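Read through the structure below, which is laid out as structure tokens, and then see the notes.
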Amino acid sequence: MSKLLLETLKGNPSERVPFWFMRQAGRYLPEYREVRATTKSFMEFCYSPDKAAEVTLQPIRRYNMDGAILFADILVVPDGLGQDVWFETGVGPRLTPVTDEESFSSLSLNGFHDKVGAVYETVAKLKHELPADKTLLGFAGAPWTVATYMIAGAGSKDHAAARQLGYGNPELFGKILDLLVDATAAYLIRQIDAGADAVQIFDSWAAALPEPAFDAWVIEPTKAIVDKVRAEHPDTPIIGFPRLSGTQYEKFVDATGVNAVSLDTGMDLGWTAKHLQSKVCVQGNIDPHLVVAGGQPMLDEAKRILDGLKSGPHIFNLGHGFVPETPPENVAELSRFILKYRR
Ligand code: CP3
């Protein structure tokens, strides 16, 4: 049976537009909250293959998306490198910050696959359990975005700590990015070995970087990962997501060699069709907050996006992940609408 989403990623669009949603598994679903409540620590939950596979499949059962995204987190990679990572309720992710040569020296690739191996088990389980027409998506955070957490030791608004280290100590910052390139490429290769059909690299905090920083911190590490993954798995599509990078999306596509890009909510569809979709598959970009509001305005916007991107390969998705207050019935209505639409 052919996988519509995978075919679209490879540049072969069809009449029906395939879809999946970022954060399609998560707190907005009561069945997720039920399984999540059985494990106190979020990292431990990510390393529980039975539970992680179960919550990956929950949204597919409800909404019949074309793609299932592995349930894990981008902070699995620093955890695998030996950094302490934990989640505090009401606060978010916390890490022991990497700010100098000494804290950097405690990180290493030794033992990485043993530490994160449960994630590969989740992928293998999903490969087995997912219906044959569904595409299994693996993922990782991009080095820049993961570095913002590693350096600040938490989520941060303007990523001040990472930017200041990048400008002030480019040597140490470069070593952090290089280690993340090696770990992330190895991590994605193992996910594909275990059965992932395609992978997405989330650069959620690529916004508002000056051109030279965007080139060095976003494009170069992503290109290095693409090259390494492609050397092992030449036919596996890779999706990039340089979120909120505006017109810099175009050189991102040209320079990294990704097969597809995920679009944030601010992308102009006409510009996207002309400058991006003429070269690669695009994915997006309804506003997750419009799915909270729902109703006819949500469906009108879904139609505008589907019509606006119908001249090339398109996968319907959000411009960023679902928020916890999303009503599940709105996701059902949106999913039915996308499933019925024909180009
Ligand atoms: O369904 C899916 O999309 C797959 C699973 C997934 C999660 N995180 C699960 C998760 C994916 C792809 C991610 C990626 C991720 N994690 C990103 C990149 C994408 C984006 O949203 O920009 C980032 C920046 C993170 C880091 C992270 N993890 C944050 C900021 C948080 C929220 C902290 C909080 O407590 O609100 C997380 C936790 C997290 N990751 C949750 C889920 C479902 C919620 C925690 C819980 O269930 O207790």
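The values are calculated or read from the model by the stated rules, or taken from the named source; none is laboratory data. On a predicted model such as this, the values are computed, not experimentally measured, just so you know. Using ideal geometry, Cβ is built from the backbone for each residue, glycine included, and neighbour counts are taken over all protein chains shown. These accessible areas exclude ligands, DNA and RNA; they are computed on the full protein's heavy atoms, side chains included. Shrake-Rupley method; radii C 1.70, N 1.55, O 1.52, S 1.80 Å.
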Per-residue HN-Hα couplings for the range 59-64 [Karplus 6.51, -1.76, 1.60; θ = phi - 60°; Hz; x = Gly/Pro]: x, 5, 4, 6, 10, 6
Estimated vicinal HN-Hα couplings, Hz - the range 84-91 in sequence order (Karplus 6.51, -1.76, 1.60; Gly, Pro = x): 6, 10, 8, 10, 9, 4, x, 10
Residue with peak Gaussian network fluctuation, the chain [Cα springs, cutoff 10 Å], from Pro328, Pro297, Pro13: Pro297
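Per-residue counts of other Cβ atoms within 10 Å, averaged by peptide: what ranking do you get for 269-277, 54-62, 71-79, highest first?
Values: 269-277: 17.1, 54-62: 19.4, 71-79: 22.4.
In descending order of packing, they fall as 71-79, 54-62, 269-277.
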Ala154 long-range amide H proximity, modeled H, under 5 Å: Leu95
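Under a Cβ-Cβ cut-off of 9 Å, what is the net charge of the residues other than Arg36 that fall near it, where Lys and Arg count +1 and Asp and Glu count -1?
Cβ neighbours under 9 Å give a net charge of +2.
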Formal net charge of residues neighbouring Ile192 (Cβ-Cβ distance under 11 Å; K, R +1; D, E -1): -1
Highest average packing first - 237-245, 105-113, 306-314, Cβ atoms within 10 Å: 237-245, 306-314, 105-113
Scattering profile of the chain at q = 0.08, 0.13 Å⁻¹ [log10 I(q)/I(0), Debye over alpha-carbon scatterers]: -0.35, -0.98
Given charges at beta-carbon only (K, R positive; D, E negative), |dipole| of the chain in Debye: 1080 debye
Carbon plus sulfur fraction of accessible area for the chain, probe 1.4 Å, in percent: 51 percent
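For a protection proxy built on the mean count of beta-carbon atoms within 10 angstrom, sort 255-263, 150-158 highest first, please. It would help to have the intermediate numbers written out before the result.
On the way: 255-263: 22.4, 150-158: 17.3.
With the highest mean Cβ count within 10 Å placed first, the list reads 255-263, 150-158.
Using the Cβ atoms and a cut-off under 14 Å, what net charge is assigned to the surroundings of Ala216, where Lys and Arg are +1 and Asp and Glu are -1? The partial results should precede the final answer.
Values: positive: Arg163, Lys175, Lys223, Lys251; negative: Glu171, Asp178, Asp203, Glu211, Asp215, Glu220.
Combined, the nearby Lys, Arg, Asp and Glu give -2.
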Of Tyr187, Ala207, Ala224, farthest towards positive along the dipole that unit charges on Lys, Arg, Asp, Glu beta carbons give the range 114-230: Tyr187
